[in-house]
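Chemist: Please find one structure pasted underneath; my questions will follow.
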Amino acid sequence: MSQNQEQAAPNFYYFLCNPGSEKFLKEEIRLIYPELVFAYSTEGFVTFKETRRLGKTLRPVFCRHFGRFLKRGSLAEVSEGVGKHLFYSLQGEIFETYPYQNGDWVTEIIKVSETQYYLGEFKASILTAPSAGGFSTATLPEQSPSRAYLKVIDGMNYMGLKLPANDYALEVGSSPGGATYALLEMGLRVEGIDPGEMAPICLNHPKFIHHRESIQDFHVSSMKDHVQWLYVDMNLPPEGSLREIEKVVDAIRPSLKGAFITLKMTKFELVSRVPMYLNIMGKMGLKVVMATQLPSHKQEFLVYCE
Ligand SMILES: C[S@@+](CC[C@H](N)C(=O)[O-])C[C@H]1O[C@@H](n2cnc3c(N)ncnc32)[C@H](O)[C@@H]1O
């Protein structure tokens, strides 16, 4: 517990999510952390008050970053006496940042509006995002076939991973190819499964193989190598995605190093099923390490498994 934490009561927590996901986050907190009661929200920012002691670790899925509220006010008021800190706005303007490590207590100032600033703190961990506000530090190359390029880079950064060149990746739902392009750029060899067309920049790449068919029609025996990294990004409801990848996971599990599985929130009611999805992955023999929203996500979230 930090020094600040011992002094303040009751606790308030703030969460930064992608605009449009506030409703998912509120529902997740209502269902899983009933000790927290909704207090305030504006686009991409939701706060909750701790009404009973939160005797468990917060692992929210529908946010990029969260922390404990200390105070709010003008910039001068919240900055008073504050040492090294992060300072950013809800729109992703980063005014001050510095590298921090897991285990560090980090203080931050968040510009919520022209007149309202929040001072907060968090203990850096795999759960709190590696960059200020959980905003992306990647830029989308002009030649990338889609924005999914950013999902690969953000996911790797979030997990603190570097994928070795020449490792083998399989992407299910690979068209038009932003994610594949990111993997090829890192030197990986990639097989993509998707009935949709791949952009020429991927299709003509010597390290890429396209299985132009749906995952339902795909035979695992046609995979060319031992897959180390699995990417899944199909526009199907989560139940469908999980059911369809089971045969692939079964075949590649011995060589698998990590799986980045994007699940789409095709309807609001799915929030209550998230624990079940994580459970299904566990039953497939995957170890769920982390489930989170990435800055490049729309109405979806990432589950990273090993
Ligand atoms: C969000 S897009 C994927 C974007 C892609 N990862 C990229 O990097 O550009 C979803 C893809 O899922 C594919 N898809 C949907 N159902 C599928 C299925 N049953 N088997 C394989 N791919 C499927 C669609 O054809 C679509 O290209």
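The values are calculated or read from the model by the stated rules, or taken from the named source; none is laboratory data. As the structure is a computational prediction, the values presented were derived from the model and not from experiment. Please note: Cβ atoms are built from the backbone with ideal geometry, for glycine as well, and neighbour counts cover all protein chains shown.
Chemist: Would you please name the residue that is farthest from the ligand (Cβ to nearest atom), looking only at residues in region 186-210 that are farther than 19 Å from residue 262 by Cβ and not in a loop (DSSP other than H, G, I, E, B)?
Modeler: So the residue we want is 189.
Chemist: Looking at region 271-306, which of the residues that are part of a helix (DSSP H, G or I) and of a type in the set (D, E, K, R) is surrounded by the fewest Cβ atoms within 10 Å (Cβ to Cβ)? Even if it seems obvious, please write down each step before you answer.
Modeler: Filtering region 271-306 down to residues part of a helix (DSSP H, G or I) leaves 271-283.
Narrowing the set further to residues that are of a type in the set (D, E, K, R) leaves 273, 283.
Working: 273: 15, 283: 10.
Residue satisfying both the conditions and the ranking: 283.
Chemist: Being buried (at least 19 other Cβ atoms within 10 Å of the Cβ) and either part of a helix (DSSP H, G or I) or more than 16 Å from the ligand (Cβ to nearest atom) (or both) is the filter here, so list the residues in region 253-270 that pass it.
Modeler: Residues of region 253-270 buried (at least 19 other Cβ atoms within 10 Å of the Cβ): 256, 258-265, 270.
Matches in region 253-270: 256, 258, 270.
Chemist: Now for a separate question. Say whether the condition of being more than 12 Å from the ligand (Cβ to nearest atom) and surrounded by 23 or more Cβ atoms within 10 Å (Cβ to Cβ) is met by at least one residue in region 156-167. Steps first, answer last, please.
Modeler: The initial filter retains those residues of region 156-167 that are more than 12 Å from the ligand (Cβ to nearest atom), namely 156-167.
Still in the running and surrounded by 23 or more Cβ atoms within 10 Å (Cβ to Cβ): 158.
Yes, there is a match, as at least one residue in region 156-167 is more than 12 Å from the ligand (Cβ to nearest atom) and surrounded by 23 or more Cβ atoms within 10 Å (Cβ to Cβ).
Chemist: Okay, moving on. Quick check on region 207-227. Is at least one of its residues crowded, with 20+ Cβ neighbours inside 10 Å, among the hydrophobic types (A, V, I, L, M, F, W, C), at pLDDT 95 or above and closer than 22 Å to residue 282 by Cβ?
Modeler: For region 207-227, residues crowded, with 20+ Cβ neighbours inside 10 Å, among the hydrophobic types (A, V, I, L, M, F, W, C), at pLDDT 95 or above and closer than 22 Å to residue 282 by Cβ: present.
Chemist: What is the one condition in (1) more than 9 Å from the ligand (Cβ to nearest atom); (2) within 24 Å of the chain's Cα centre (by Cα) that residue 176 does not satisfy?
Modeler: (1)
Chemist: Right, another one. Inside region 54-98, can you point out the residues that are within 20 Å of the chain's Cα centre (by Cα), modelled with pLDDT under 95 and among the charged types (D, E, K, R)?
Modeler: The one that is within 20 Å of the chain's Cα centre (by Cα), modelled with pLDDT under 95 and among the charged types (D, E, K, R): 59.
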